[in-house]
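Student: One structure follows; several queries about it will come next.
The numbers here are math on the coordinates, done by the rules we state, and not lab data. Please read these numbers as outputs of a predicted model, since none were measured by experiment. Here Cβ is always computed from backbone atoms with ideal geometry, including for glycine, and neighbour counts include all displayed protein chains.
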Amino acid sequence: MARPKLFILATNALLATLFLAGCDKLSAFNSLQAGDLAPDQPDISYGPDARQKMDIYLPPPHLRPAPLIVWFYGGSWDSGDKRKYAFVAKRFVDMGYAVAIPDYRLVPDRQYPVFVADGAQAVAVAQKYAARHADDIDGRKLVLAGHSAGAYNAMQLVANPKFLRNVGMARSDIAGIIGLSGPYDFYPYDVRATQIAFGDTPAADSQPVHQNLQGMPPLLLITGEDDRTVLPRNSIRLAEMVPQATLVKIPDTGHIGTVVGLGTFLTGNERILKPIKTFLHDVAPVKVY
């Protein structure tokens, strides 16, 4: 039975307030959604820095070897903690996927391109980990996904060819990319977060829409029509430029609503989950769907 629109709006508003209120509140939201879910392989190093670590979650044994999703969280490139996104891992693990969630180095200590380069290195290490654990993970089916700044990281490390090339990978290694409420066309840097993160980096280097996108893997771009943090035009513009792009605009949904919609308790949103399931089934199907 469909939920009344007023209930959906009230629930999303409540959870968005909780989600945005601070790290402690995010921890509470994560605990509510993920319960006691813990990574099967925590703190896998992909570089020497303390923040260059990732967690890997596995689905039940009968669903292995599972395709791998690497999830990048948002936070304006200046905050984030991989353990507080176990609720995202739970959603995808319950669907039969292995999930890697890396931390990455943050501003103001670092600027672009460090956080994108970290993402590429994490993907390369995750792929190698999958190859060494082929009974659990099918590294040939590698999907990138992220929300907000994390969606940018996932997209840019594939759109700008230097990042994959520097870690010995190619676009053909990526089966698909899911971007939730991502910034892909935000030059000039007219908000404080992008000014701090990107400095004087030229648009030709930093903007996904300024790259040669003809060889991109399939994309699923989901944006909330009420997003005032990252305007929907970012996803619309990128979808116009990539041959294999699917654009989904979610009514009555703001910036946080697209990631809150991945929750498994109360906040799960089929308007977001259904296109994700369809996309994953097409690019990286699980053993039992």
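Student: Nearest 500 deg cm²/dmol is fine: what mean residue ellipticity at 222 nm does the chain get from its DSSP H runs of n ≥ 4 alone, each adding -39,500 (n - 2.57), divided by its residue count?
Tutor: -11500 deg cm²/dmol
Student: To the nearest 20 Debye, how big is the dipole of the chain about its Cα centre, given +1 on the beta carbon of each Lys and Arg and -1 on that of each Asp and Glu?
Tutor: 400
Student: Provide the percentage of antiparallel DSSP beta bridges, counting only those with both residues in the chain; round to the nearest 5.
Tutor: 20
Student: One-quarter of the Cα convex hull surface for the range 54-181, in nm²?
Tutor: 7.0
Student: Given LYS25/LYS82; LYS90/LYS162; LYS84/LYS287, which pairs have Cα atoms separated by over 24 Å?
Tutor: Checking Cα-Cα distances, LYS90/LYS162; LYS84/LYS287 exceed 24 Å.
Student: Can you give the local net charge around LEU58? Use residues other than it whose beta-carbon is closer than 10 angstrom to its beta-carbon, Lys and Arg +1, Asp and Glu -1.
Tutor: -1
Student: Give the residue from SER148, PRO217, ALA117 lying farthest towards the positive end of the charge dipole for the range 5-283; charges sit on Cβ (+1 for Lys and Arg, -1 for Asp and Glu) and the dipole is referred to the Cα centre.
Tutor: Value computed over the given set: PRO217.
Student: How would you order 184-190, 100-106 from highest to lowest mean count of nearby Cβ atoms within 10 Å?
Tutor: The densest-packed peptide leads the list: 100-106, 184-190.
Student: Which residue, ALA130, ALA28, ALA204, has the largest displacement toward the positive end of the dipole of the range 5-283 when charges sit on each Cβ (Lys, Arg +1; Asp, Glu -1)?
Tutor: Looking along the dipole axis, the top candidate is ALA130.
Student: Any idea what the alpha-carbon Rg over 2.2 N^0.38 Å comes to for the range 77-144?
Tutor: Dividing the Cα radius of gyration by 2.2 N^0.38 Å gives 1.23.
Student: Taking the alpha-carbon distance from LYS274 and a cut-off under 16 Å, which aspartates and glutamates remain once sequence neighbours fewer than 8 residues away in the same chain are dropped?
Tutor: Cα-Cα hits under 16 Å: ASP94, ASP282.
Student: Using a Gaussian network model on the chain with a 10 Å cutoff between Cα atoms, which of LEU37, LEU58, LEU180 fluctuates the most?
Tutor: Looking only at LEU37, LEU58, LEU180, the biggest GNM fluctuation is shown by LEU37.
Student: Another question, then. What is the projected area of the convex hull of the Cα atoms of the chain, averaged over all directions, in nm²?
Tutor: Taking a quarter of the hull surface, the average projection is 13.9 nm².
Student: What is the fewest-to-most order of LEU247, LEU63, LEU219, LEU280 by other Cβ atoms lying within 10 Å of their Cβ?
Tutor: With the sparsest Cβ surroundings first, the list reads LEU247, LEU63, LEU280, LEU219.
Student: Taking Cα centroids, how far is the range 131-207 from the range 55-108 in Å?
Tutor: 15
Student: Taking every Cα atom in the range 142-289, find the radius of gyration and the maximum pairwise distance Dmax, and write them in Å.
Tutor: 15.1, 48
Student: For the range 5-283, calculate the relative contact order in percent as a whole number, restricting contacts to Cα pairs under 8 Å that are 6 or more residues apart.
Tutor: 17
Student: Net charge around LEU273, counting only other residues with Cβ within less than 12 Å of its Cβ (Lys, Arg = +1; Asp, Glu = -1)?
Tutor: +2
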